[in-house]
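The numbers here are math on the coordinates, done by the rules we state, and not lab data. As the structure is a computational prediction, the values presented were derived from the model and not from experiment. Cβ sites come from the backbone with ideal geometry, for glycine too, and all protein chains shown count toward neighbours.
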Amino acid sequence: MGYPFSSIRSGHSKITFLLLLILSCLLFAIPGECSALRPNSDSDCSALKHFHDYKSKCSYLKSIDRCASQGFVDYLSFLYCNFDGFPVLGQSLLFLWLLVLFYVLGHTASEYFCSSLESLSKLLNLSPTVAGVTLLSLGNGAPDLFASLVSFMGESKGGTYDVGLNTVVGGSAFVTCVVVGVISVSLHRRKVRIERSAFIRDVCFFCAAVGSLALILVYGKINLWGALGFCSLYAVYVAFVYLSWRFGGESGCEFDVESVHKRGSSSSLSEPILEQRDDLDDDVVVVVDDGRCYWKLVVWVVTLPLYLPRRMTIPVVSEDRWSKPIAVASVTFAPVLLSFLWNWKRNPTSFEVEIVYLVGCLVGIVLGFVAGATTKKSNPPKKWLLPWLAGGFVMSMTWSYISAQELVALLTSLGYIFGVSPSILGLTVLAWGNSIGDLITNVTMALHDGDEGAQVAVSGCYAGPIFNTLFALGVSLVGCAWEIYPSSIVIKTDPRVLESLGFLVVGLVWSFLVLFSNRMRLGGVMGIGLLVIYLASLSIRIVQTVGDSH
């Protein structure tokens, strides 16, 4: 019995097309200079700690360029120049905005980015196994991916690549230790058995990924070809999973991207507060007619500024969310938004800026007329679906990048405000915020979907970090190396990152040894051990950070 080569080539070509599409969009659509190339300088706001009142800090900020802020808002000036008499109020507003950014990033990834990936999976006829290790990992890892890209490719003068690096390392440790640990403790009475071959494959590849990253950090530099090789390890992993499923008879966890996405989004922080309707006015009517739900109207009004800009610029062609007027508006306004982002921080009176805005408006008008003439009010388009999906993918990626950019900028500013290293905020706050959806989704799946759900959940806990380590960091390194080719990127090595990687490997080895000694059954010993390893790693890092601040 054999498999035709044409089928294998077809599967590989689809995967290659998808990965190249994503890589091309990320490298060419994201502006900025690699922050890893910029060492910390005197203008990186470190001098703020020498000032003790808001007025002097505000004067200092006005005397230099914006420091460590690569977002649309200068958070340090916002706090120190406007809340001299009300510091608690200003800090509270920043923390509230931090929660809003986490919500927007998670909701955009869940409702728009994942939706585009699901549709692309169906259009390309990817097998459930391949879709699971590519699209599902990409959907779950989108926040880490964009946070890493922003940190490496952002425009911060001080360099924020350590934020992205620590975010990926912290997120990987959280998922492989905390999430797997919680699943193991929760299922210790059911004695769920994990598939041996899939577990060995995932752990070995993840150890190889961590080892490769450690070598890069120890060596302290990497060129374009090395970055491409590091990133291509993920393609090797995907190909290995595909071939194992195709020829080895491995069940390989038949991921259902759509069902997993719906299950996770229904119980996570990314859950949409508003139901998506064909007409926004219908929501108001429904809410007002129900006397018991006036509070929903308040929520609707508050979240409308977060919902409307994305809905009006991200094309959506799913059956349950189709609206022709909104679809036409989205393809019209999307080029305008892209032209605004292209012109951001450029001289608004320059001729080039005016040309870009003119081209964006003309392209938007043409696309709007074409969409209006070729679509129906009753259902989304059936033909020429790829341009719609590509547009939705690019715009959801754009909004995810915008959200991640503001999130990294705010976290960096909070680090200066409270005297905490931005890297520890990436290791903890940003990593936890990006991984909380994995915790809720995977634990829920393991508890309610039987043994198969537990297998998928545990496999996802390793496939996601493999993606974040190899692809998210890999693309960031490729982007940086591309800018200075044929020179190499010089990366300042933080020994504490190597310590975190060491604890990560200890967690993987612990899982490996305990599972094999327990005949691949999840149990409380494994889970408690993983939680202890994570807490030990986190405690040591926090103590080191506190010691530095004094």
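Applying 0.36 nm per residue to the separation of PHE340 and TRP482 and subtracting their alpha-carbon distance, the gain on full extension is 48.6 nm. A prolate overall shape is assigned to region 331-378, the ratio a/c of its alpha-carbon gyration tensor axes (a ≥ b ≥ c) being 1.5 or greater and a/b exceeding b/c. Treating r as the C-beta distance of PHE351 and VAL532 and R0 as 51 Å, the FRET efficiency rounds to 0.25. May I ask you to list the residues of region 173-199 whose amide nitrogen lies under 20 Å from a point 7 Å from Cα along the Cα→beta-carbon direction of VAL505? Under 20 Å, as judged by backbone N against the label point of VAL505, lie 173-178 of region 173-199. Applying 0.36 nm per residue to the separation of LEU498 and GLU319 and subtracting their alpha-carbon distance, the gain on full extension is 59.7 nm. Three principal axis extents describe the C-alpha atoms of region 453-513; from largest down they are 45, 27, 13 Å.
Per-residue Cβ neighbour counts within 10 Å put VAL478, VAL394 in the sequence VAL394, VAL478, beginning with the fewest. On the basis of the beta-carbon distance and an R0 of 51 Å, TYR219 and GLU452 show a calculated FRET efficiency of 0.75. Placing a pseudo-label 7 Å from each Cα along the Cα-to-Cβ vector at ILE365 and LYS55 gives an inter-label distance of 5.3 nm.
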